[in-house]
Every structure is written in C-alpha cells, then in structure tokens.
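Asker: First, the structure itself, so that you have it in front of you.
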Amino acid sequence: MKLSLHAFVAFLVLPLVVLIISSQTMSPVQAQSDTSAIMAATECTPHPQVQTAPAPSGGALQVHIEATPLNTSQPNLLRGVRFGTFQNAQVTLNGQLIASGATFTALAGSNAVDFTVERALPGQAMTVPLTILDGCGEWPTFVGAGTDAQVVRPAVAPQPVVLLPSSDRGHYAPGNTLILYGDMVVGAPGPTTCKLESRFRPGQGVVFRMTALNPAEGTFDETAQLEVRIPYGPDGVNLKMDYRGDDTDRAPRPGFWTVRWNVPLGAQPQTLRFTVHATDAQGRTGTWAPFDIASSTLQIVN
C-alpha cells in the first residue's frame, strides 16, 4: 500500500488548507507482533498503492484511507493506524476520541478506515502524524491544515521513482537476480504503431516490450519466462510474454519479449502501476516496473 501523492497535495477551502505528505523511502517492516500479516516480497514490491482522501468539512478534516490490491491482485488488508504526537489536533474515530500516540487496530478483513481531525485551538495550524499499517508493512505520512493560506511543509526525504533490480524475494542478490528493462508502445494498426506511449483509450492495444539479461554474463537470458501483471479488475490481469528471439513467423529478435493487452471497452480512467516478473531455467528471478510517476506508467484515459 503506498500513497499515490508524490510530493504533497493541498486542498484550499479558505480559511483551511489541507495537506498530505508521504514518504516512499521505507521498506516493509514488522509492526507489533503480527508477523503473519507481512506479505511475501513479490506481492509488495513495489509497495501497493493507498488511496488517501481527506475532505474539508467546516473546520475539520474527514479522512478516508483505503488499501488497494497487492501486486499479485490479491486483497491487501489494512491492519491499523499508529498515530504520532498531535499538534493542536483532536482525532475522532468510530465516535471515540483517539489519544495522541495511540494505535488503532482495524477489524479483521477490513481494508479501509475513516476518521475526523479537528483543531484543538481555533485559528491555529494542526498536524497529525500517522503510520498506516498494511500487509506489506508500515507507511508514514500525516494530515494537517494551516491557517488561512499557510501550508505546513515539514521536511521529507525525496521520493524514489526508480525500482532497483530485485529478485522475487524483494532484494538484489548478485548472481541470481535477472536484470530486466523495457517499455510499452501503441499496438497495431494505425499510424502510431510501435510509438512509445503511456496513455491509452478503451479498445486500444498496449504492447509491452522487455529484455532479460543473465546477471553473470551480461547476455540475453533466452530461457527466461516473463509475465506482465496489471492491477486491473478484481482479479488483475497476468500476461505471459512471448520470446521473439526464435520467432519463425516474424523476423527473429534476440533478447526481445513482447505481449499485447487490449484495454477493455468501457474501462474507466485510471492509473495502472503494472510490474513485470521473470524466472529462468536456473531459478533466477527478477522484477521490473516503470518509473513511479503517474504519467510514466499505464494510464487509461477517455
């Protein structure tokens, strides 16, 4: 679960400014003693998205947090929220005041929570640090509001947008981690066939193109089996890629894997952070994802 905001989002309804800032520099860690809820690295790399939707309501904030599916398209459950030290803020959840520094444990099987944030002293800025706990670990962020048009901007680490080479265990191990890279282009027919693109309309064809390298020799790993995983629909879409190096119907292209996906008719506008997973004959594995920037990953548009 990750926050979809890349720096900060501010909602201005004078005299209230709402701000969310999130850090994407953390790795999955255990929270409390519930280690059974921590998912396998292949499900959590990159960390699935968290939908966080605050809305001004008078002098308060109505905050909605919702987990989205794992990279394997399985449900990702919300385990709870650990609140930090409140600054001029009162938090109400399920009709009860939450103490500063308290931890809320979500009901079993839930993937969302709502709470209200209000100023303790009117006319002053308020901030509520919090850490969201899901099946992939912890995610720190905060919600807050300034006075008039003033925005609270605490320092946060820069957000990485590049997924480093990783095995299906979620880390890089020289010798057994396949090196993957690729892109996506417009599928035939049409004048833009094979043009690099990230925005597609319903009915258009998306062609994913990838290369897999043997980490020990720096050569094409022709035994690799590649799969594109798209978090679309309730079950996700998994597409096995075709190796074109021994293509007899078309010109052979060594080191070249492709697969086509037609955006379903009636698909609603959305951003799909797809990933590519590979395994070769020696058991080496690898994962790849495009830059974690909304305009650089797969977008369905009208």
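The values are calculated or read from the model by the stated rules, or taken from the named source; none is laboratory data. Source: prediction; values computed, not measured. Note: ideal-geometry Cβ built from the backbone for every residue, glycine included; neighbour counts use all protein chains shown.
Asker: Go through region 244-264 residue by residue and tally those that are at pLDDT 95 or above and farther than 15 Å from Asp183 by Cα.
Answerer: Number satisfying all stated conditions: 3.
Asker: Could I ask something else about it? Being under 21 Å from Cys194 (Cβ atoms), surrounded by 16 or more Cβ atoms within 10 Å (Cβ to Cβ) and either in contact with a helix residue (DSSP H, G or I) (Cβ under 6 Å, 6 or more places away or on another chain) or of a type in the set (D, E, K, R) (or both) is true for just one of Arg260, Arg244. Which residue is that?
Answerer: Arg244
Asker: Only one of Val113, Val128 is farther than 30 Å from Ala289 by Cβ and assigned to a strand (DSSP E or B). Can you tell me which?
Answerer: Only one candidate passes the filter, namely Val128.
Asker: Out of the residues in region 219-268 that are touching a residue at least 40 places away in the same chain (Cβ under 8 Å) and among the charged types (D, E, K, R), state the one that is nearest to Asp280 (Cα to Cα).
Answerer: So the residue we want is Asp221.
Asker: Now for a different question. Could you list, in sequence order, all residues of region 114-138 that are under 18 Å from Leu70 (Cα atoms) and β-branched (Val, Ile, Thr)?
Answerer: Across region 114-138, the qualifying residue is only Ile132.
Asker: Next question, about the same structure. Just to be sure I understand the filter: pairs with C-beta atoms under 7 Å, separated by 6 or more residues or on different chains, first member in region 94-108 and without any contact (Cβ under 8 Å) to a residue 60 or more places away in the chain, second member part of a loop (DSSP other than H, G, I, E, B). Which pairs pass?
Answerer: From region 94-108, the pairs are Ser100/Thr85; Ser100/Phe86; Gly101/Gly84; Gly101/Thr85.
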